[in-house]
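The values are calculated or read from the model by the stated rules, or taken from the named source; none is laboratory data. Since the structure is predicted, the reported quantities are computational estimates derived from the model, not experimental observations. Glycine also receives a Cβ, built like all others from the backbone with ideal geometry; neighbour counts cover every protein chain displayed. The protein model used for the area step is the full one, side chains on, heavy atoms only, and it has no ligands, DNA or RNA in it. Shrake-Rupley method; radii C 1.70, N 1.55, O 1.52, S 1.80 Å.
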Amino acid sequence: MSIVQFKNVTKEFGSIKVLTNVDLEIHKGEVVVLIGPSGSGKSTLLRCINSLERINGGDLIVDGISVHDGKNKVRLIRQEAGMVFQQFNLFPQLTALQNVACGPRWVRRLQRREAEELARDLLKKVGLLERADHFPAELSGGQQQRVAIARALAVKPKIMLFDEPTSALDPELRHEVLRVMQSLAEEGMTMVVVTHEIGFARKVGTRLIFMEGGKISVDGDPKVLLDNPENPRLKDFLQHVH
Amino acid sequence: MELDWSVVATALPELLAGARITIVIALIGLFGGSAVGALAGLCRVYGGIILNAIAFVYVEVIRGTPMLVQVMFIYFALPLLVDIRIDPFLAAVIAVVINSGAYIAEIFRSALLSINKGLSEAGLALGMPGWKVLTNVVGPLALRRVLAPLGNQFIVSIKDTSLFIVIGVAELTRAGQEIMATNFRAVEIWSAVAVLYLIMTGVLSFLLRVTEKRMRVL
Ligand SMILES: Nc1ncnc2c1ncn2[C@@H]1O[C@H](COP(=O)(O)OP(=O)(O)OP(=O)(O)O)[C@@H](O)[C@H]1O
Ligand SMILES: [Mg+2]
């Protein structure tokens, strides 16, 4: 069953075409890893899915709802598509627990007690229960990113979007975030991940997409593509990432 | 020259009465000015073309003209344009509201714009409506950044009330002027007036510092 469907999607910033006639179907349970050179439109494609960017042409259906269906429907899309940012973007005035609880409270309208119970469960899941009452500024980058993942999960999304979730982290902190993402994938969560972590793509990804100049140029099985990249530019790209 | 500080003691009740009026004008004026300023600042950032343009013109007109001229206009010109009587006290309050409101609008605008865009995106990405992102995420953060410059504006506005001497409001400077006219003790009286202003702004400064310490700026 497809959960995200790009139909001939175009996205422009002013006169620059950033996505050109993109067709893409993502199915339940897939872990799609998105790679490509800087400026190729990876972030933009991801952000179109939950309407942080509005598409200029074509149609984009998420969980049966079109991004053109209006404000209220877009909010539903956003509840179904959780987002994790490169820069974490935790709310600095709230503790880790409050950050995770705020989605359920403000969006799903849970009572404070229920929301915090759910938040505790999720913090435990990402291994940060003992940091529940710390503010973001008191957490390491890896810990902040794990809280951010828990915050996105708290709204109970059907798909998770990750935009370079480990790029802002020191190498020794990356694995803790990648491990959380892997266990999420193993639970069957549908994921779209923009990343340079080729190891993650190989081990966890079920599908690899290589973008160039606002288009999808390669789409296939990560193990096959990584072991034998026939596309010369993908081959070149992979040599530079390694 | 011989100084006779006992005249200050004699004049003190009148000076304090003037100071009281200064405080009342500043309190009401700044309360209104903060409301107007917050609203105009919000319009500048989130208002769309029309509200943004209105707020922009308001801020530019007020910032671009002397407060003295604004006071004169409200007290002398406005009653001719629209057929109303404005007493000096009301004119003074309106002047503080309008004048401080313009500067406070800029304070709110820059505070709102200074909040990392990623935070509102994070709120929106959770499925929060825009207004909730403002009230629950951006607003609380912006308020912390508003505090220091807002306090600064309050101090400026308190001192600006001395301008209302020109429309005959019995505020502190006017009180000093009137006492001076009877006893000619310029040094003693103006020193006392200055000290009273210092006490008012000093107390405000102190309160501000206490609040700032309690509220971590993030
Ligand atoms: N808000 C914006 N306004 C104007 N141009 C933008 C905006 N966001 C992105 N772009 C442009 O769109 C193109 C694609 O950007 P995008 O961020 O999607 O690339 P990316 O593949 O994620 O790159 P990176 O690997 O550097 O993150 C770039 O040329 C970029 O300059
Ligand atoms: Mg990017």
Computed, not fitted: 222 nm per-residue ellipticity of chain A from DSSP H runs ≥ 4 (each -39500 (n - 2.57)), nearest 500, equal to -11500 deg cm²/dmol
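Ordering B:Glu60, B:Glu188 from largest to smallest accessible area (1.4 angstrom probe), what's the sequence?
Result of the area sort, largest leading: B:Glu60, B:Glu188.
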Put A:Ser15, B:Ser110 in order of accessible area, largest first, 1.4 Å probe: what do you get? A:Ser15, B:Ser110
How large is the accessible surface of A:Met83 in square angstrom, using a 1.4 angstrom probe and rounding to the nearest 10? 10 Å²
Students often forget the sequence filter, so: which aspartates and glutamates lie under 18 Å Cα-Cα from B:Lys159 once same-chain residues fewer than 8 apart are removed? B:Glu171
Max mean-square fluctuation residue, GNM over chain B, Cα-Cα springs under 10 Å, options B:Ala125, B:Ala186, B:Ala175: B:Ala125
Roughly how big is segment B:20-171's charge dipole about its Cα centre, with Cβ charges of +1 (Lys, Arg) and -1 (Asp, Glu), in debye to the nearest 20? 400 debye
For A:Val31, what residues show an amide H to amide H distance below 5 Å, using hydrogens built from the backbone and excluding near sequence neighbours? A:Met191, A:Thr206, A:Arg207
Carbon + sulfur, % of accessible area of the protein assembly as shown - ligands and nucleic acids excluded, 1.4 Å: 59 percent
Taking the Cβ-Cβ separation of B:Thr65 and B:Leu90 as r and a Förster radius of 25 Å, what is the calculated FRET efficiency to the nearest 0.05? 0.80
With each pseudo-label sitting 7 Å past Cα toward Cβ, what's the B:Val203-A:Lys28 distance in nm, one decimal? 6.8 nm
Relative contact order [Cα under 8 Å, 6+ residues apart], chain B, whole percent: 31 percent
Any chance you could check segment B:135-161 for residues losing 20 Å² or more of accessible area when the partner protein chains are in, compared with the chain on its own (1.4 Å probe)? B:Asn136, B:Val137, B:Leu141
Taking both sides together, what accessible area is buried at the A/B interface, probe 1.4 Å, expressed in Å² and rounded to the nearest 100? 1800 Å²
As straight-line cross-link partners of A:Lys203, the qualifying aspartates and glutamates (C-alpha separation under 16 Å, not fewer than 8 residues apart within one chain) are A:Glu30, A:Glu176, A:Glu186, A:Glu187, A:Asp221, A:Asp227
Per-residue ellipticity at 222 nm attributable to helices in chain B (runs of n ≥ 4 DSSP H, -39500 (n - 2.57) apiece, nearest 500 deg cm²/dmol) works out to -26000 deg cm²/dmol
Ignoring ligands, DNA and RNA, what accessible area per residue does segment A:32-109 give at 1.4 Å, in Å²? 35 Å²
In terms of solvent-accessible area of protein heavy atoms at a 1.4 angstrom probe, what is the ranking of B:Tyr46, B:Tyr197, B:Tyr103, B:Tyr75, highest value first? B:Tyr46, B:Tyr103, B:Tyr75, B:Tyr197
Given pairs A:Lys124/A:Lys235; A:Lys158/A:Lys215; A:Lys125/B:Lys213; A:Lys156/A:Lys215; A:Lys17/A:Lys125 and cut-off 32 Å on Cα-Cα distance, the over-length ones are A:Lys124/A:Lys235; A:Lys125/B:Lys213; A:Lys17/A:Lys125
Measuring from the longest principal axis of the C-alpha atoms of chain A, the long axis of helix A:112-125 (C-alpha) lies at a number of degrees, nearest 10, equal to 60 degrees
